[in-house]
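Q: Take a look at the following structure, please.
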Amino acid sequence: MQKAFYSLLLERRLGEHSLPAGTWVVAAGNRLQDRALVRAMSSALVNRVTILHLRVDTDEWLAWAKRNGIRGEIVSFIASMPDALMRPVPAEPVPFSTPRAWTLLSRALDMAEAAGILSNETRRALAFGRLSAEDAVVFCSLAEAAIGPVRPLEDYIRQPELLPQADSARWFVLNCIRQFVRDGKAARFKPRAINRFLRSLSSEHQLTVLTELVEQWGALGADRAMFDLLKKVTAT
């Protein structure tokens with residue numbers, strides 16, 4: 001393939017066929033770290049092309065997904081947990097989450113539902129066969145809990161009583177709020193709302209959202225809630 005590219009780039013032809021004037025030569029491929037049976041490009045070829053690294057954009061994918069009939073529970077899951085859209089390529093040849101994997105899972109679930117065979121067991125088999133294990137676990141747990149679409153995370157912070165009651169669903173939402181705070185997206189909230197939210201949680205759940213993010217929560221004005229939690233867990 002690389003040899004064929006030389007004639008395309010240098011002589012603007014492929015075999016006996018010359019490219020029309022104004023033709024652009026564009027190719028797509030994987031990186032070496034993607035472990036997708038690729039070979040390194042030669043220095044001569046690298047020096048004759050422009051290399052653009054594409055990135056996964058969650059917002060763009062969600063907009064595409066809504067236009068193309070991707071299942072609502074998948075769209076909701078990715079909107080709440082954007083890191084799950086594309087996981088790093090694992091060292092072992094096991095399923096892992098990518099935009100393609102989520103799309104194929106959506107189509108498989110549609111077919112299973114249309115055939116009347118969509119059960120918890122079937123969903124798990126399809127999800128674990130396509131996604132990273134950690135994403136499959138949470139996705140299936142939420143689907144089985146039937147919590148419906150996840151609200152915007154701001155709603156849960158403003159009104160903690162909206163948090164799901166089921167353990168798996170509540171854990172998922174709290175983990176999403178952790179990521180929300182970690183990414184600096186909660187700056188619009190006043191300290192009063194932040195403290196009210198944290199105090200509404202059990203000690204265990206407060207520790208869940210605060211662990212390794214004390215500085216970020218502190219910057220949001222959560223000092224009072226964190227101090228109250230410290231007194232409670234140390235019984236002083």
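Q: Go through Leu109, Leu104, Leu142 for me and flag whichever is buried (at least 18 other Cβ atoms within 10 Å of the Cβ) and at pLDDT 95 or above.
A: Going through Leu109, Leu104, Leu142 in turn, just one is buried (at least 18 other Cβ atoms within 10 Å of the Cβ) and at pLDDT 95 or above: Leu109.
Q: Specify the residue that is farthest from Asn68 (Cα to Cα); the eligible residues are those in segment 125-139 that are of a type outside the set (Gly, Ala, Ser), at pLDDT 95 or above and assigned to a helix (DSSP H, G or I).
A: This residue is Phe128.
Q: Within segment 202-226, which residues are of a type outside the set (A, V, I, L, M), surrounded by 11 or more Cβ atoms within 10 Å (Cβ to Cβ) and over 24 Å from the mean Cα position of the chain (by Cα)? Show your work before the answer.
A: Filtering segment 202-226 for residues of a type outside the set (A, V, I, L, M) gives 202-206, 208, 211-212, 215-218, 221, 223-224.
From the residues that got through so far, the ones that are surrounded by 11 or more Cβ atoms within 10 Å (Cβ to Cβ) too are 203, 205-206, 208, 216-218, 221, 223-224.
Of everything in segment 202-226, those that are of a type outside the set (A, V, I, L, M), surrounded by 11 or more Cβ atoms within 10 Å (Cβ to Cβ) and over 24 Å from the mean Cα position of the chain (by Cα) turn out to be Ser203, Gly218, Gly221, Asp223, Arg224.
Q: If Leu104 passes every condition in (1) touching a helix residue (DSSP H, G or I) at 6+ places or on another chain (Cβ under 7 Å); (2) touching a residue at least 12 places away in the same chain (Cβ under 8 Å) but one, which one does it miss?
A: Only one criterion in (1) touching a helix residue (DSSP H, G or I) at 6+ places or on another chain (Cβ under 7 Å); (2) touching a residue at least 12 places away in the same chain (Cβ under 8 Å) is unmet by Leu104, namely (1).
Q: Hey, can you tell me all the residues within segment 145-169 that are within 18 Å of the chain's Cα centre (by Cα) and buried (at least 18 other Cβ atoms within 10 Å of the Cβ)?
A: The answer is Val150, Leu153, Ala169.
Q: Could you check segment 180-201 and list, in sequence order, the residues that are crowded, with 16+ Cβ neighbours inside 10 Å and either under 20 Å from Ala84 (Cα atoms) or within 20 Å of the chain's Cα centre (by Cα) (or both)?
A: If the condition is that a residue be crowded, with 16+ Cβ neighbours inside 10 Å and either under 20 Å from Ala84 (Cα atoms) or within 20 Å of the chain's Cα centre (by Cα) (or both), then Phe180, Val181, Ala186 are the ones that fit.
One line per residue, one yes/no per condition, for (1) closer than 30 Å to Arg87 by Cα; (2) surrounded by fewer than 10 Cβ atoms within 10 Å (Cβ to Cβ); (3) among the acidic types (Asp, Glu); (4) modelled with pLDDT under 75:
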site	(1), (2), (3), (4)
Lys3	no, yes, no, yes
Arg13	no, no, no, no
Trp24	no, yes, no, no
Gly29	yes, no, no, no
Leu37	yes, yes, no, yes
Val46	yes, no, no, no
Val49	yes, no, no, no
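Q: Follow-up question, since we're still on this one. Which of the helices (runs of 4 or more DSSP H) contained wholly in segment 12-101 include at least 2 residues that are touching a residue at least 24 places away in the same chain (Cβ under 8 Å) and within 29 Å of Asn175 (Cβ to Cβ)?
A: So the answer is 58-67, 72-80.
The values are calculated or read from the model by the stated rules, or taken from the named source; none is laboratory data. Owing to the predicted nature of the structure, the values given are computational and were not obtained by experimental measurement. Please note: Cβ atoms are built from the backbone with ideal geometry, for glycine as well, and neighbour counts cover all protein chains shown.
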